Structure formats: structure tokens, C-alpha cells
Amino acid sequence: MSDPLEPHLVQAVQRPGQPIWTRYVALGDSFTEGMVDVDPQDETRYAGWADRLAAHLAEQARAASLPFGYANLAVRGRKLDDVVGAQLERGLAMDPDLVSIVGGGNDLLRPSVDLDSLASRLEEAVVRIRATGADVLLATPTDTRDAGLFKPLRGRHAIHTANLFTIAQRHECSVLNLWGMSSIRDWRMWGEDRIHLNTEGHRRVTDAALVALGLPPADPDWDVPLPPADPTARAEALRQHADWVRVHAAPWVERRVRGTSSGSSLVAKRPDLTPLD
């Protein structure tokens, strides 16, 4: 499977009437920051679906002899208040023509969350973005039906997904439908922490984002599940579960109880709208 971070592998296919975006700003949390997809050009940072999407959009713009700029203001651990607050203000100041806004995931993990308030605040942000003339890409949560520890969140995720589609319909937004993706229900699409997608997972989500925006995916089989794991692999996965609880799950739960975040002292990896190399 080709890596869309490599420009020579990006297919610049333009459909009639398809917008060409030249100023893309990504807002969000760890999902949009790109954890845990290590950037092949800089191992000290993450790439992720938004960077990969930006590479495709840059190629579209380049094919039309247009400049392209990209900013990623997402920071791991941030809740919706930051996404629709400081991030949104900074992003709008860049005069984008496309904004992806993915927030609320960390709010949904809290013991109590007002889903109606979450949707209302997100919709207010969408209204502000759309008023500038920019297009908006939203993203649903994943379906946690097969997610073990996270299965109890399924009801919350389902309601938030319904609210997101309602917002998108009202304001003509595109939707990256993670809830409907079959391929990422496989744990092999996720990192060792089982909370963030790995490189293959982010590649699949990039194609889903392209499809949501009306663009052709790099891989037509982007949502085809992986072949079943062999019995040895499944047994190894079970043996690794105890280590996962100790190394990843327990510290994660502790941070949620204490109300702290792994990204509380971090800043955005691409704070300014700049060209892609």
C-alpha cells in the first residue's frame, strides 16, 4: 500500500466541480495530532491522517498550479473547550478554506458528560467556520462494540455520532464516518496503547477522509478488513493483554481520575499555515 506522505505516490485526480482547497487547518486532540503514527521524515513527531490528507490536498493544488498551506493545531488530551476555543480562534485567523474539527472524544471519556451541551458547542463552532465560507470536515467516534474495556462507551459514541450527522446535515459539512469503518475494528489497526491508531489505521482513515470530501481514495480497498489473524497471533495478543493493562490502561485511567492530560504542557506541532515540502 502506498504512503500518501510521499508526494510522488499521491494521485492528483480532480473530479468536475470538485473544490480545490489551498488553506487547510486541522483542529482537535490526539487523533488529529496523529498519535501513534510516527512521521517517517521526523521520528520525534507524529504524522497521522490529517498530515496525510494535507499531502493529498497539496498535490491537488499543485496540479492546478495553486499554492497550498497547512496548519495542525491539535494537541493530545485536549477537550472540546480548547478545540472550539483557543484552537478555533487561532485557526480562523488563518483564513482557511477547509477546517477539520474533531473534538469531544476526551469529554466522552469523563464519568459524566452532557452530550447535548457537547453537540451545541460543536455546532456553534461549525456555524462560525461556515460563516467564513470555509468547508468543514467532522469526524464521528469509532464504534466500540468490540473494544473490550471501552465497550461501555458505545452508547455515548452512538449518540454523539447521531448528533454529528445532524450538525453536518444542517450546515452542509462533510463527515469522516469512523463509526461505519469495518477495518479499524481490528486491533491490528491500533497502536500498543489500543487507544490510538497505528500507521496502517491512519492510512485507512486518510482514505475515508478523502472519500468524505468527494475525492478518490489512494487505495480502493481502504475499508476491506485484514485477513483473519492466525491462532498463534491471537494467543500472543491475549498474553500481551496483562502488559497493556499495566503499561497503558492503568496510567490512562489514573490521569482521567485526576483530571490531568498527557498533553497539558505541549503545543501544536504545526501552529502556522505553511507549505508542505
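The values are calculated or read from the model by the stated rules, or taken from the named source; none is laboratory data. Computed from a predicted structure; not experimentally measured. Glycine also receives a Cβ, built like all others from the backbone with ideal geometry; neighbour counts cover every protein chain displayed.
Structure notes:
- Enumeration of residues in region 11-40 that are β-branched (V, I, T) and either touching a Lys or Arg at 6+ places or on another chain (Cβ under 9 Å) or modelled with pLDDT of 95 or more (or both): I20, T22, V25, T32, V38
- Contacts under 6 angstrom Cβ, first residue in region 57-75 being over 11 Å from K269 (Cα atoms), partner basic (K, R), 6 or more apart: G69/R23
- Neighbours by Cβ (under 7 Å, 6+ apart or cross-chain): first from region 86-111, without any contact (Cβ under 8 Å) to a residue 12 or more places away in the chain; second acidic (D, E) and crowded, with 21+ Cβ neighbours inside 10 Å: none
- Qualifying residue in region 130-139 (condition: assigned to a loop (DSSP other than H, G, I, E, B) and of a type outside the set (A, V, I, L, M, F, W, C)): yes
- Test: residue in region 20-39 that is outside any loop (DSSP other than H, G, I, E, B), over 18 Å from the mean Cα position of the chain (by Cα) and farther than 26 Å from A125 by Cα: no
- Residue among L210, L164, L215, L226 that is assigned to a loop (DSSP other than H, G, I, E, B) and surrounded by 20 or more Cβ atoms within 10 Å (Cβ to Cβ): L215
- Selection of first residues in region 207-227 that are touching a residue at least 60 places away in the same chain (Cβ under 8 Å) and of second residues that are surrounded by fewer than 16 Cβ atoms within 10 Å (Cβ to Cβ), restricted to Cβ pairs under 6 Å at least 6 apart or on distinct chains, gives the following pairs, ordered by first then second residue: G214/Q18; P216/V13; A218/S2; D219/M1.
- Checking each residue in region 128-143 for being of a type in the set (G, A, S) and surrounded by 14 or more Cβ atoms within 10 Å (Cβ to Cβ) picks out A134, A139.
- Filter pass, D146 being buried (at least 22 other Cβ atoms within 10 Å of the Cβ) and in contact with a Phe, Trp or Tyr (Cβ under 9 Å, 6 or more places away or on another chain): no
- Meets criteria (of a type in the set (S, T, Y), assigned by TED's automatic domain parsing to the domain that holds A50 and outside any loop (DSSP other than H, G, I, E, B)) for T144: no
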